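A quick write-up on the structure given underneath.
The values are calculated or read from the model by the stated rules, or taken from the named source; none is laboratory data. Computed from a predicted model, the values in this text were never measured in an experiment. Counting neighbours? That spans all protein chains shown, and the Cβs are built from the backbone with ideal geometry, glycine included. Side chains included, ligands, DNA and RNA excluded: accessible areas come from the protein's heavy atoms. Shrake-Rupley method; radii C 1.70, N 1.55, O 1.52, S 1.80 Å.
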Amino acid sequence: MTPPRLLPARRTAALAMGVTLTLLAAPMAVSANGPYTFSPAVFDIAAAPNGGVLVTENNTIQFIREGDVHAVASIPLPETVGPPATVNGIVAVGSGNYFVTTGGGDLATGAALFRVAPGRTRMVADITAFEVANDPDATAGLSWKDPRCEESPEFSAGPQSNPYHVAARSGGEALVADAAGNTLLSARTNGQVSLVAVFTPPVSDGSASADPADWMVLFSLPDDTPCYVQPVPTSVAIGPDGAYYVGELTGAPAPVGVSRVWRIEPGATNVTCPSASCTLAVQGLTSVIDVAFGPDGLLYVVEYDGNGWLAALTGSPGGGTVKACDVGAGSCSTVASGLTLPGAITFDKQGSLWLLESNIIAPTVRMLMP
């Protein structure tokens, strides 16, 4: 079985369904609120500071505003070993200025942070080099993952990285949820990449533990080394309190009810979750794919599917949800349910909630809550 990683599963499913990952012309919308349709694959949306919504369609950034859709930039995808790189995450850091993440190749190749400005797109942080040099979740002192647990037909035993969704601390620093690296990283425009947090495997009751005896085991190697169910951080948002909130999609077999949202202290570096600097904000979730704070101060959480992401991609979907969570109380209420492969959310300048659905099959973006 392929070790639990977001990217191989989504690419395998897309190819199995005959999806062609090519860029199509921007669609015409029937309503300013959508739905807007795009060609696969689309993995993130983000609010633009001057109004409108940004969409990562293949290697192109599309801009939706008042019924119009047009391309504003393209990303030169890095070279990879094995599977090709994809554009994964986007966040605006000013009018016409964005951070974009790429990743997905074998042995961490293709993992990078780009800075997009009017007329200029450049790679500013080489996340591949950081992961290869450090491999934080398999390093002595933090170790819980044996590199052999990553081995599969597409991926080799060794460091892996898939920078997914991203948040901006400033115009010069991004927080990156590295799904395959099982880490939250800080990446800066001066090229510096550093570890903020490394996440540990889930516990069967949905809680967190620093004791390996509590972690869920997926399979064991021939020498009895355990290969744990992986936490797979997919998303990050900076809260009103300045803390970093990270949502996780747990790896195959994608157990129901064991995904979590972590709270990391502002400015924390090189921490292990759980610890004094990294605690649970919400637990009991399933396959979290995105998080975002709303204008009401609540944390909105996207669950990819009620039966887990693997079930959704193999023909047993339960429907995705968007939940509004009070992180102080650790409680959530459902805002929308029965969604088809919801991949991301964002709040636009007016405070309206936008949703990406069916991200690897027939991506659509629409206003969910005005």
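Working only within region 153-203, note down all residues that are charged (D, E, K, R) and in contact (Cβ under 8 Å) with a residue 60 or more places away in the chain.
Glu154, Arg169, Asp178, Arg188 - these are the residues of region 153-203 that are charged (D, E, K, R) and in contact (Cβ under 8 Å) with a residue 60 or more places away in the chain.
Just to be sure, is Thr56 surrounded by fewer than 21 Cβ atoms within 10 Å (Cβ to Cβ), farther than 17 Å from Ala180 by Cβ and either among the hydroxyl-bearing types (Ser, Thr, Tyr) or touching a Cys at 6+ places or on another chain (Cβ under 8 Å) (or both)?
When the stated conditions are applied, Thr56 does not pass them.
If the condition is being open to solvent by less than 10 Å² (accessible area, probe 1.4 Å), of a type outside the set (Val, Ile, Thr) and either more than 22 Å from Gly343 (Cα to Cα) or in contact with a Pro (Cβ under 8 Å, 6 or more places away or on another chain) (or both), then region 161-196 contributes Tyr164, Ala177, Asp178, Ala179, Gly181, Asn182, Leu184, Leu185, Ser186, Ala187. Within region 332-363, the residues that satisfy the criterion of being surrounded by fewer than 19 Cβ atoms within 10 Å (Cβ to Cβ), among the hydroxyl-bearing types (Ser, Thr, Tyr) and part of a strand (DSSP E or B) are Ser333, Thr334, Ser337.
For Ser74, the stated conditions do not hold, so it cannot be described as of a type outside the set (A, V, I, L, M) and either open to solvent by less than 10 Å² (accessible area, probe 1.4 Å) or at pLDDT below 95 (or both). Tell me, which residue of region 182-222 that is touching a strand residue (DSSP E or B) at 6+ places or on another chain (Cβ under 8 Å), in a loop (DSSP other than H, G, I, E, B) and of a type in the set (Gly, Ala, Ser) is nearest to Val132 (Cα to Cα)? Per the stated criteria, the residue is Gly191. Taking Glu79 as the residue in question, decide whether it is open to solvent by 10 Å² or more (accessible area, probe 1.4 Å), of a type in the set (Asp, Glu) and within 16 Å of Gly110 (Cα to Cα). Taking the combined requirement at face value, the residue satisfies it. Looking only at region 296-343, count how many residues are on the phi > 0 side of the Ramachandran plot, touching a Leu at 6+ places or on another chain (Cβ under 7 Å) and in contact (Cβ under 8 Å) with a residue 24 or more places away in the chain. So the count comes out to 0.
Among the residues of region 353-370, how many are closer than 16 Å to Gly297 by Cβ and either at pLDDT below 95 or of a type in the set (S, T, N, Q) (or both)?
The qualifying residues number 1.
Residues of region 31-53 being open to solvent by less than 10 Å² (accessible area, probe 1.4 Å), among the hydroxyl-bearing types (Ser, Thr, Tyr) and either assigned to a strand (DSSP E or B) or at pLDDT below 95 (or both), which ones? Across region 31-53, the qualifying residue is only Tyr36. For region 313-326, state whether one or more residues are open to solvent by 50 Å² or more (accessible area, probe 1.4 Å), within 17 Å of Leu54 (Cβ to Cβ) and out of contact with any Lys or Arg (no Cβ under 9 Å at 6 or more places or on another chain). No, because not a single residue in region 313-326 is open to solvent by 50 Å² or more (accessible area, probe 1.4 Å), within 17 Å of Leu54 (Cβ to Cβ) and out of contact with any Lys or Arg (no Cβ under 9 Å at 6 or more places or on another chain). State whether one or more residues within region 90-108 are of a type in the set (A, V, I, L, M), open to solvent by 10 Å² or more (accessible area, probe 1.4 Å), in contact with a Gly (Cβ under 6 Å, 6 or more places away or on another chain) and modelled with pLDDT under 95. Checked region 90-108: no residue is of a type in the set (A, V, I, L, M), open to solvent by 10 Å² or more (accessible area, probe 1.4 Å), in contact with a Gly (Cβ under 6 Å, 6 or more places away or on another chain) and modelled with pLDDT under 95.
Evaluated against (1) in contact (Cβ under 8 Å) with a residue 60 or more places away in the chain; (2) touching a helix residue (DSSP H, G or I) at 6+ places or on another chain (Cβ under 8 Å); (3) aliphatic (A, V, I, L, M), Leu280 falls short on exactly one condition, (2).
Is it the case that region 230-239 has a residue that's closer than 17 Å to Leu184 by Cβ, open to solvent by 20 Å² or more (accessible area, probe 1.4 Å), assigned to a loop (DSSP other than H, G, I, E, B) and of a type in the set (Gly, Ala, Ser)? There is no residue in region 230-239 that is closer than 17 Å to Leu184 by Cβ, open to solvent by 20 Å² or more (accessible area, probe 1.4 Å), assigned to a loop (DSSP other than H, G, I, E, B) and of a type in the set (Gly, Ala, Ser).
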